[in-house]
1. Tell me what the chain gives for mean residue ellipticity at 222 nm when only DSSP H runs of n ≥ 4 count, each as -39,500 (n - 2.57), the sum divided by the residue total, rounded to 500 deg cm²/dmol.
2. Putting +1 on Lys and Arg Cβ atoms and -1 on Asp and Glu Cβ atoms, find which of Tyr324, Leu6, Asn224 reaches farthest to the positive end of the dipole of the chain.
3. Which order do Ser187, Ser259 fall in if you start with the one that has the fewest other Cβ atoms within 10 Å?
4. About its Cα centre, what dipole magnitude does the range 262-362 give when the only charges are +1 on Lys and Arg Cβ and -1 on Asp and Glu Cβ, stated in debye to the nearest 20?
5. Count neighbours as other Cβ atoms within 10 Å of each site's Cβ, and list the trypsin sites (Lys or Arg not before Pro) in the range 246-315 that are DSSP loop with at most 13 such neighbours.
6. Report, in listed order, any pair from Lys319/Lys353; Lys121/Lys157; Lys127/Lys211; Lys100/Lys219; Lys44/Lys206; Lys128/Lys157 with a Cα-Cα distance greater than 18 Å.
7. Quote the charge dipole size of the chain about the Cα centre in Debye, to the nearest 20; the model charges only the Cβ of Lys and Arg (+1) and of Asp and Glu (-1).
8. Place +1 on the Cβ of every Lys and Arg and -1 on the Cβ of every Asp and Glu in the chain, take the dipole about the Cα centre, and give the residue among Ser189, Ile311, Leu258 whose Cα lies farthest towards its positive end.
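What follows draws every value from the coordinates through simple rules; no lab data is involved. Keep in mind that what you see is a predicted model, and the values were worked out from it rather than measured. Cβ coordinates were reconstructed from backbone atoms using ideal geometry, including for glycine residues, and neighbour counts include every protein chain displayed.
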Amino acid sequence: MSKYLLFTPGPVNVAENVREAICQQDICHREVDFDRLLQSIENKLLKLFGLQDTADYRAVVITGSGTAANETILSSVVGDKNILILSNGEFGDRLHSISKIQNKNTFLLEFGWGELLDLGKIENYLKKHAIDIIAMVHHETSSGMLNSLEEVGTISKAYGAMFIVDCVSSAGAEVIDMEKCHIAFCSSSSSKAIGSYSGLSFVVGKTEEFKKLKYLPVKSTYLNLYKFYDFIKTYSQTPNTPAVHLFYALEQTLINILSEGVTNRYADLRHKANLLRQGMLDIGLKFLIDQKDMCSVLTTVQIPLHIDVSILREKLREKSIIIYEGKGCFKNKVFQVGNIGELSLDNIQFFLKSLGEILRNFDQVDIINVISANDHQALFSYANENSENTSLVSKN
């Protein structure tokens, strides 16, 4: 292979015209050239979210990763109000960690990693506590879970709470209806499902909510959301020096998405996810969560008992294929396969063929390293699940 195939939730393999876009001519970020570039990007971001025909929403672009966009929101919109973080994975926990630093009135409603958000539990909490703002992650990549925006947004509105959402891993792959779901602000990034280079993030929000930020205390100099809004509104610029060439790449990526058609793009990602999932099921693998609860961009796969994930990753890497390991409570229990970026159908077939060969030919020494010969119960379970390898177990 001439390049790594990034079967990850990000960063991704970018399109060739995106690679070329980053090499455009140098411009000054305080000249009209950049003004026009930023205007073009904002217009295209609003189109991506289906908001192009309204002045009720604005989009600001930040030089920084998706976490920077989340910290920008959490440090700017809360003030001294009460914020509730809903978490069912690593990135919900990260929202909580960021908010705790910025806001003394931060509360957490925690669910198990990979578990659906319990709407009844959320509503019961809101009945007992005065909450002004609710924050959550749309696509929780630690498990691959796609959380419901509409259901939580409806509850937020019913209890008079502002609703803010981390859409870092879902924007560009899933429908995000900010109006229908009562979302005040959402964050995302240039990489992940959008498919550009890492290093930029953005916040889409209601114009009226942006305006209110002027009267809230400033908790960050760089990540001041009102300042980003004021600069794009007044000057069509960013308050700080931007990574200009990443802006060129982001614009080209958005051109690609809009040229393909947002609906067509979402359908293509679902198709690729389905091909990967069916192929892995055919190999005999099992998934962490039900397919109906998964996002369109990532599949979390249970590791067979006899497989060491680090060895699996290394053998795939030898074929120029990169996958993710599990994190937190899923470490050494799952691996993750993404289907975003410039991955062709041929790439997917190559991955499935390679994965199948590696699993079938997994070295017996690797099996013994993972399953101790003294662990008779583990060996017995493995033998029952893999009858063709019973002779191996009985000899050891």
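1. Dividing the helical sum by the residues of the chain leaves -13000 deg cm²/dmol.
2. Going by the Cα projections, it comes out as Asn224.
3. With the sparsest Cβ surroundings first, the list reads Ser259, Ser187.
4. Charge dipole of the range 262-362: 140 debye, to the nearest 20.
5. Here the trypsin sites (Lys or Arg not before Pro) that fit, given the DSSP loop and packing criteria, are Lys286.
6. Going by Cα-Cα distance, Lys127/Lys211 fall outside the 18 Å limit.
7. In debye, rounded to 20, the chain gives about 640.
8. Looking along the dipole axis, the top candidate is Ser189.
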